[in-house]
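Remarks on the structure that follows.
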Amino acid sequence: MVMPTVIGLMILNIYPLLRTVYMSFFKSGSFGKWAFVGLDNYMKMFQSDSFWTITKNTLVFMVMTVPVTVIFGLLIAVLLDQKIKGKTVFRAIYFLPMVVAPAAVAMVWKWLFNSEYGIINTVLSALHLPSDINWIADPKTALLTCAIVTIWSSVGYDAILLLSGLQSISRTYYEAARIDGATGFQQFRKITVPLVSPTLFFVLMMRVMASLKVFDIVYMMIEKTNPAIRSAETILYNFYQETFVKNNKGYGSALVVWCVILIAMITIIQFIGQKKWVTYDV
């Protein structure tokens, strides 16, 4: 029964990973020729200033997006779990950004962030706040702009996942807490957070992985000729440039291996840390 899954895993995950590791020890040439270079790609990568820049950008992007997305997702999930009219409609609205094509999302947000006629600068001007911000072309705000778009498009998906965790909590806990005089905040802190923590941990782990693999939003929001590209370039964006633009597939493979190692290290830290705050036994 599990054989189809095993075969799919081997073909779609295990083999590509092993092939990528293998290719990282070679240098690609013209007409499909490959030359074994040992650890040269890794030496070149770790000695490159741009490598540490894209690693820093990727980690900063993770820090900017993960906490905000998870916290807002939990708050929205709690609101959607209340007895309100039109709850199904609200769920669909919050989930809608997740099913919209990233290209359409990026196009709309580029209009909103436009420095000349974008609605965001117009609103800031109406509020008498600094409004001459070149959101996408300024190195100081380019990565933040990508983070905002990512948070907007991801928070609904996380909220739906967390909502499923909330709905698995027995209402008898809340009824008992109300009888004992617990406030709404005390119920949230003592009942909701501990009991939804397994789902919260899963969402947190998936969001961290997604943020470390970010490519599409950066690629579509920040054009190659944008002067702020260096300040927003992530590991997988640089992988795309090296592999498919410069035809440097060996170096690109080394970047992917580094991305996998980075994800593995942070995931291990998360698994160690979750023992202190995730509650599995009720």
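The values are calculated or read from the model by the stated rules, or taken from the named source; none is laboratory data. Fair warning: this is a prediction, and the values are worked out from it, not measured in the lab. Cβ: placed from backbone, ideal geometry, glycine included. Neighbour counts: every protein chain shown. Ligands, DNA and RNA are stripped out before the accessible areas are found, and what is left, the full protein with its side chains, is counted by its heavy atoms. Shrake-Rupley method; radii C 1.70, N 1.55, O 1.52, S 1.80 Å.
Ignoring any ligand, DNA or RNA, what whole percent of the accessible area of segment 126-258 comes from carbon and sulfur when the probe is 1.4 angstrom?
Details: 3960 of 6320 Å².
Roughly 63 percent, rounded to a whole number.
Could you check the simple spin-label distance between ASP132 and ASP49, using points 7 Å along Cα→Cβ, in nm with one decimal?
Rounded to a tenth, the inter-label distance reads 3.0 nm.
Using the Kyte-Doolittle scale, find the helices of the chain whose mean hydropathy is at least 1.0 and whose Cα atoms extend 20 Å or more along the helix's long axis, counting only whole DSSP H runs. Please report the intermediate quantities before stating the final value.
Working: long enough: 49-80 (46 Å, 1.68); 142-167 (38 Å, 1.49); 193-212 (27 Å, 1.75); 249-273 (36 Å, 1.83).
Long hydrophobic helices here: 49-80, 142-167, 193-212, 249-273.
Can you give the FRET efficiency to the nearest 0.05 for MET206 and ARG19, using r as the Cβ-Cβ distance and R₀ = 30 Å? Write down the numbers at each step before the final one.
Values: r = 25 Å, r/R0 = 0.83.
Using R0 = 30 Å, I get an efficiency of 0.75.
If the cut-off is a Cα-Cα distance under 17 Å, which lysines reach LYS213, setting aside same-chain residues fewer than 8 apart in sequence?
The qualifying lysines are LYS56.
Where in the chain lies the longest segment free of chymotrypsin sites (Phe, Trp or Tyr not before Pro) that are both loop residues by DSSP (not H, G, I, E, B) and have at most 11 other Cβ atoms within 10 Å?
Details: sites that count: TYR117, TRP277, TYR280.
The answer is 118-276.
Run the 1.4 Å probe and let me know the accessible area of ASP216, rounded to the nearest 10 Å².
70
Could you tell me which label, among [x] 19.5; [y] 20.5; [z] 21.7, carries the value of Kirkwood radius over Cα pairs in Å calculated for this structure?
Among [x] 19.5; [y] 20.5; [z] 21.7, the one calculated here is [z].
Where only protein heavy atoms count, and the probe is 1.4 Å, what is the accessible area per residue for the chain in Å²?
For the chain, the per-residue accessible area is 59 Å².
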